[in-house]
Amino acid sequence: MAMGTLSRVVRLSSCISRSRRLIFNSTQRRGIASCIDPSHGLSDEQKEFQKMAFDFAAHEMSPHMAEWDEKEIFPVETMRKAAQLGFGGIYVQPEVGGSGLSRLDTSVIFEALSTGCVSTTAYISIHNMCNWMIDTFGNTEQREKFCPELCTMDKFASYCLTEPGSGSDAASLLTTAKLEGDHYILNGSKAFISGGGDTDVYIVMCRTGGKGPKGISCVVVEKDTPGLSFGKKEKKVGWNSQPTRAVILEDCHVPVTNRLGQEGQGFNIAMRGLNGGRINIGFENTTNAQVSATFLHWVYLPAASCSLGAAHACVQLARDHLLVRKQFGEALSNNQFLQFKLAEMATKLVASRLLLREAAVALQESRSDAVSLCSMAKLFVTDECFNICNQALQMHGGYGYLKDYAVQQFVRDIRVHQILEGTNEVMRMIIARSLLSESG
Ligand SMILES: Cc1cc2nc3c(=O)[nH]c(=O)nc-3n(C[C@H](O)[C@H](O)[C@H](O)COP(=O)(O)OP(=O)(O)OC[C@H]3O[C@@H](n4cnc5c(N)ncnc54)[C@H](O)[C@@H]3O)c2cc1C
């Protein structure tokens, strides 16, 4: 952990007097039961910034999450406050303004922030990944130009891979980048871009060469570039505190100096990102689908971490509701069926957390099982945490279906984590291929 960050964390956390236990809102004032306490197994430093993130979630996010959802507000100022705590570049290097933390640290922070607002945290996670891509694969000029303002969140970033005709099969993308002098001329469109239209920096995957992954490059497109425009704001089930739009590129002139890495390295960059920069899984011998799947892999852990935070909040909301709601003359918490359900939810929550943290360590250490383990974590955590939140809603009965109760928003916000950043079907493909390709 960077010393600057640590001192910032300690300074900040000493200013915050309220306990981490007050993580959600005024309806949830009981402490965290020891058996699901997310600080178990963490170092003292990790506990410090986890506490800081929980406090930020409780005080700066949770009171507003319903309004941000209802009015579709992109909470720019709140995110800038988060950036003041080092959350704009959590795993970006300190030389360019980042916090220099590990993947596990990052997962712990996203889990905690999500208890206050999944949608906003999910956008912060995408922003962090874009920032990290520039920090890791950019040259000195690019890093110095973009990263500091992304770390402070004076500027915001979007990640542009998906196209109308290429989702799971991302390596079939069609957006072209033709070299003319010292510029690329980009043409094509990107679909479902988080932050699209409201952000300043777009990391665009585009085709500079022939078919397949080796023909793909990665360029940074700045917002005011002529030829860059946006589609209408999509109406969504959840993730409403962040806009989603198509990004349209029509004869968009981008300086060659904005390319990250070499031409044709787009997928290499992605895989290096996926593997923490060192493991080579050799995409030359893989199919398009495999490559596409791995390309999306670098974002798995944030999506899973956000699901985990939501599930953590929902287990507590469900427990609190069971303790106060009376039916048939007694508290719902006296009903053994509901007790068993709650016990299962807590067990799956802790199992999800353990798997996710193990995957984060594997990624950080570039272990040979990192790809499979991250796929397993993304699949298991996002599926199980959705089930936990949905069960929590069920335990609230009709109240759970009302927008006055936070549980419905957690359910709506984390549903998409089973779809994006590599669908959970694609995760199964990666895991199965890993199992079947290795002879015993
Ligand atoms: C709210 C939201 C935000 C997003 N943000 C971004 C963003 O910021 N940047 C970005 O680049 N993209 C973003 N996406 C896009 C997201 O990554 C894609 O939606 C996702 O990759 C799936 O692609 P698709 O929607 O085209 O589905 P498809 O690929 O058409 O898949 C449809 C279904 O078929 C299944 N399927 C496909 N192929 C196979 C197969 N071979 N075997 C088994 N099942 C298969 C899929 O799992 C899925 O269930 C976002 C999407 C949403 C909804």
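The values are calculated or read from the model by the stated rules, or taken from the named source; none is laboratory data. In this text the structure is predicted, and so the values were computed from the model without any measurement. With ideal geometry, Cβ positions are generated from the backbone for all residues, glycine too; neighbour counts draw on all protein chains shown. For accessibility, only protein heavy atoms count, side chains too; no ligands or nucleic acids. Shrake-Rupley method; radii C 1.70, N 1.55, O 1.52, S 1.80 Å.
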On the given criteria, is residue 88 within 16 Å of the ligand (Cβ to nearest atom) and within 25 Å of residue 247 (Cα to Cα)? no
Identity of the residue in the stretch 101-133, over 15 Å from residue 65 (Cβ atoms), aliphatic (A, V, I, L, M) and more than 16 Å from the ligand (Cβ to nearest atom), that ends up surrounded by the most Cβ atoms within 10 Å (Cβ to Cβ): 109
In the stretch 173-203, how many are closer than 12 Å to residue 252 by Cα, assigned to a strand (DSSP E or B) and open to solvent by less than 10 Å² (accessible area, probe 1.4 Å)? 3
Please pick out the residue among 371, 381 that is among the aliphatic types (A, V, I, L, M), surrounded by 24 or more Cβ atoms within 10 Å (Cβ to Cβ), away from the ligand (no atom under 16 Å from the Cβ) and within 18 Å of residue 112 (Cα to Cα). 381
Kindly indicate whether any position in the stretch 139-146 is buried (at least 24 other Cβ atoms within 10 Å of the Cβ) and either assigned to a loop (DSSP other than H, G, I, E, B) or not β-branched (Val, Ile, Thr) (or both). yes
Within the group 57, 66, which residue is buried (at least 20 other Cβ atoms within 10 Å of the Cβ), assigned to a helix (DSSP H, G or I) and aliphatic (A, V, I, L, M)? 57
In the stretch 127-152, the residues that are closer than 20 Å to residue 245 by Cα and of a type outside the set (S, T, N, Q): 127, 129, 130
For residue 237, the lone unmet condition from (1) under 20 Å from residue 260 (Cβ atoms); (2) near the ligand (Cβ under 10 Å from one of its atoms); (3) open to solvent by 20 Å² or more (accessible area, probe 1.4 Å) is (1)
Report the residue count in the stretch 308-355 for those that are in a helix (DSSP H, G or I) and within 19 Å of residue 397 (Cβ to Cβ). 24
Consider only pairs whose beta carbons are under 6 Å apart and that are at least six residues apart or on different chains; among these, list those whose first residue lies in the stretch 381-408 and is charged (D, E, K, R) and whose second residue is in a helix (DSSP H, G or I) and modelled with pLDDT of 95 or more. 384/348; 384/352
Say we look at the stretch 402-440 and pick out the residues that are within 13 Å of the ligand (Cβ to nearest atom) and small (Gly, Ala, Ser); which of these is nearest to residue 239 (Cα to Cα)? 422
Considering only residues of the stretch 155-172 that are open to solvent by 10 Å² or more (accessible area, probe 1.4 Å) and within 30 Å of residue 84 (Cβ to Cβ), which is farthest from the ligand (Cβ to nearest atom)? 155
